[in-house]
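The values are calculated or read from the model by the stated rules, or taken from the named source; none is laboratory data. All values derive from a computational prediction rather than experimental measurement. Every residue, glycine as well, gets a Cβ built from its backbone with ideal geometry; the counts of neighbours run over all protein chains shown. Ligands, DNA and RNA are excluded from the accessible area calculation, which covers all protein heavy atoms including side chains. Shrake-Rupley method; radii C 1.70, N 1.55, O 1.52, S 1.80 Å.
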Amino acid sequence: MNELAIADVNDPSAWGEPVVVGPSKGPRRIRRAKHLELASKFYVLSVLHRLGADASFTFSQTDNVDITVVLESGSALTVDIKTLTGPMEWHVADFSARVNHFIAFVWYPDSVEPNVPPTVYIVSSEQLRSFIAEHGSASVSLLRLDEEIQARNAWQRLAIPAAA
């Protein structure tokens, strides 16, 4: 097969017309949102790996789990990734609040700066549930979450066992 392909490499009549794939027909903002969701998950996973965590994707997406981190003790914690762009507000949606489950808000500014990493706010799901109950709001300000819970770049919450 290789010999036949190599023999025909310079013969244009031996080849068919090139395949042309047109642009996606979906709205650009939807395509961008899907790409950013995937980018957010890979970003969080890469930082966890750089911190030495034994982290992996959870493809089943059950119970709002995107990443699982296995700790040295053999226990595990889970992470639900929420991607935000523009305003630093998360409109409260369903999430699971339980022990050793965390929410990582990955925020991208409106401008598309490929060399600027996103900002990540990490909070335990139980802390988030309490924060929402205390403030009684339909949205969560990431800035306020950071002021009250020190959530910005709180990677140590995912790389160190809760008991430490």
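Just a few scattered comments:
- Residue in the stretch 124-145 that is in contact with a Ser or Thr (Cβ under 7 Å, 6 or more places away or on another chain) and either more than 22 Å from D54 (Cα to Cα) or not small (G, A, S) (or both) present: no
- Tally of residues being assigned to a strand (DSSP E or B) and surrounded by fewer than 18 Cβ atoms within 10 Å (Cβ to Cβ) across the stretch 122-151: 2
- Contact annotation: residue pairs with Cβ atoms under 7 Å, 6 or more positions apart or on different chains, pairing a residue in the stretch 141-161 that is more than 18 Å from I67 (Cα to Cα) with a partner that is assigned to a helix (DSSP H, G or I) and open to solvent by 50 Å² or more (accessible area, probe 1.4 Å), are I149/Q127.
- Number of residues in the stretch 59-84 that are at pLDDT below 90 and open to solvent by 40 Å² or more (accessible area, probe 1.4 Å) equals 10.
- Those residues of the stretch 107-147 which are of a type in the set (D, E) and under 20 Å from the mean Cα position of the chain (by Cα), in sequence order: D110, E113, E126, D146
- Which numbered condition N115 fails, given (1) of a type in the set (S, T, N, Q); (2) in contact (Cβ under 8 Å) with a residue 40 or more places away in the chain; (3) open to solvent by 80 Å² or more (accessible area, probe 1.4 Å): (2)
- E3 being surrounded by fewer than 13 Cβ atoms within 10 Å (Cβ to Cβ), at pLDDT 70 or above and among the charged types (D, E, K, R): yes
- Residues located in the stretch 85-112, provided they are open to solvent by 60 Å² or more (accessible area, probe 1.4 Å), modelled with pLDDT under 90 and among the aliphatic types (A, V, I, L, M): V112
- D110 touching a strand residue (DSSP E or B) at 6+ places or on another chain (Cβ under 7 Å), charged (D, E, K, R), in a loop (DSSP other than H, G, I, E, B) and over 15 Å from R152 (Cα atoms): yes
- Test: residue in the stretch 106-128 that is on the phi > 0 side of the Ramachandran plot and small (G, A, S): no
- Residue within the stretch 43-55 that is at pLDDT 90 or above, open to solvent by 40 Å² or more (accessible area, probe 1.4 Å) and over 15 Å from R157 (Cα atoms) present: yes
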